[in-house]
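K.L.:
Following this message is one structure expressed as C-alpha cells.
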Amino acid sequence: MATANGTGLTPPYVSFTTLKSFLSRLKENTVPTVLDGAVFAGMDGTRQSQLRGALRFLELMDDAKRSTVLLGATVEAIQTGDWPLVLGALINDSYSELLKNCKLESTTPKQLETTLETTYGIANNVARKALTFLVQAAQEAKMPLSSYLINRPRGGKGVKRTRRRENGASSDPSRDTGTTDQKMPRQTNRSNGNGDGNSELTAADLVTRLPIAGMQKAEQDAVWLLVLYLKQKEAKADEYLDDAEEETA
C-alpha cells in the first residue's frame, strides 16, 4: 500500500474547490463506509477520477474505496475553526516527501513545479495543476507561502486579482476579518475542572503538537480517532454551555 508521502500515487490535480465541495456535501449527509459511484453522482467521469485520486493521495480513501478514519476527522473539521489546522496537518502528512526538498515559504512556482514532477514522476501539464491545488490548499490552511507562489500569474487573471486587492477586496474570502475561520473555538480555553487554571487537551492541540507526519499508518489512525473523540466531547460541552446560557438569560 502506498505510504502517506504519496509514493506510487499522483498528487491531487483536481480543483481544490471540487474537493471542498465534496467534503462539505459529506458533512451535510454522512460519511459512507464505501465511497462508491453513488457518492460521486452528478460528476463527469474525468472529474470523478481526479477526485478519487486526490482522496487516495490524501489517505481519505483506501485501495478498496473505503473511507478512512482521517476522512471522518477532515469532514468533521470543515466549516469550523479547526479546518485550517486539520487541513495543514493533512498537507504536511501527504506531501511529506515533497516538503523535504521544497520549502513552500521560499520556493518559486517553477521550482515547486519541477519538484512535483521529480518527486511523483508526473508530466508537466499535471504538475501545473497539482501546483495550483497545493498552493490553494496551503493558503486556506494559512501555511506560510512565498510571495512568488501567492502572486504568480495565472492565465492573465493575476492583474484583475491584484486590482481587487488594491481596492480593498480580498481574493480569498476566508481571510477577510470577522469570518468564522478566524474566530477561536470556544473550547480551546475550557478549564480542566481541577481549579488549577490549566486547559484540557483539545482536538486542535493534538493536530498541532503531535508529529503526525513521522508516525506509522496505524499510529496516525489512532491519533485521528482521538481527534474525533475530542471534537465530539467538545461539541457536547458547547451544547451544555449554550443550554446554561439560555437558562441564565
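The values are calculated or read from the model by the stated rules, or taken from the named source; none is laboratory data. Values in this document were obtained by computation on a predicted structure and should not be read as measured data. Cβ sites come from the backbone with ideal geometry, for glycine too, and all protein chains shown count toward neighbours. For accessibility, only protein heavy atoms count, side chains too; no ligands or nucleic acids. Shrake-Rupley method; radii C 1.70, N 1.55, O 1.52, S 1.80 Å.
K.L.:
Please find, among LEU104, LEU134, the residue that is more than 14 Å from the chain's Cα centre (by Cα), surrounded by 17 or more Cβ atoms within 10 Å (Cβ to Cβ) and in contact (Cβ under 8 Å) with a residue 24 or more places away in the chain.
P.N.:
LEU104
K.L.:
Can I ask one more? Keeping to the range 16-61, report how many residues are within 19 Å of LEU228 (Cα to Cα) and acidic (Asp, Glu).
P.N.:
The qualifying residues number 2.
K.L.:
Just to be sure I understand, how many residues within the range 34-64 are surrounded by fewer than 16 Cβ atoms within 10 Å (Cβ to Cβ), part of a helix (DSSP H, G or I) and small (Gly, Ala, Ser)?
P.N.:
4
K.L.:
Within the range 118-147, can you find the residues that are hydrophobic (A, V, I, L, M, F, W, C) and part of a helix (DSSP H, G or I)?
P.N.:
Those that are hydrophobic (A, V, I, L, M, F, W, C) and part of a helix (DSSP H, G or I): VAL126, ALA127, ALA130, LEU131, PHE133, LEU134, VAL135, ALA137, ALA138.
K.L.:
Residues in the range 6-24 that are at pLDDT below 95 and either among the aromatic types (Phe, Trp, Tyr) or under 21 Å from TRP83 (Cα atoms) (or both): how many?
P.N.:
The total comes to 0.
K.L.:
Pairs, please: C-beta under 7 Å, at least 6 apart or cross-chain, first residue touching a residue at least 40 places away in the same chain (Cβ under 8 Å) and in the range 137-151, second surrounded by fewer than 18 Cβ atoms within 10 Å (Cβ to Cβ) and in a helix (DSSP H, G or I)?
P.N.:
From the range 137-151, the pairs are GLU140/SER174.
K.L.:
Still on this structure: So which residues in the range 65-74 are out of contact with any Asp or Glu (no Cβ under 8 Å at 6 or more places or on another chain), open to solvent by 10 Å² or more (accessible area, probe 1.4 Å) and assigned to a helix (DSSP H, G or I), if there are any at all? Lay out the reasoning, then the answer.
P.N.:
Filtering the range 65-74 for residues out of contact with any Asp or Glu (no Cβ under 8 Å at 6 or more places or on another chain) gives 66-67, 71-74.
Filter once more, keeping what is open to solvent by 10 Å² or more (accessible area, probe 1.4 Å): 66-67, 72.
Within the range 65-74, just GLY72 meets the criteria.
K.L.:
Using the structure shown, decide if THR30 is polar (S, T, N, Q) and in contact with a Phe, Trp or Tyr (Cβ under 6 Å, 6 or more places away or on another chain). Walk me through how you get there before you give the answer.
P.N.:
On the way: polar (S, T, N, Q): yes; in contact with a Phe, Trp or Tyr (Cβ under 6 Å, 6 or more places away or on another chain): no.
No; evaluated as a whole, the condition is false for this residue.
K.L.:
Taking LEU112 as the residue in question, decide whether it is open to solvent by less than 10 Å² (accessible area, probe 1.4 Å) and without any contact (Cβ under 8 Å) to a residue 40 or more places away in the chain.
P.N.:
For LEU112, the condition - open to solvent by less than 10 Å² (accessible area, probe 1.4 Å) and without any contact (Cβ under 8 Å) to a residue 40 or more places away in the chain - is met.
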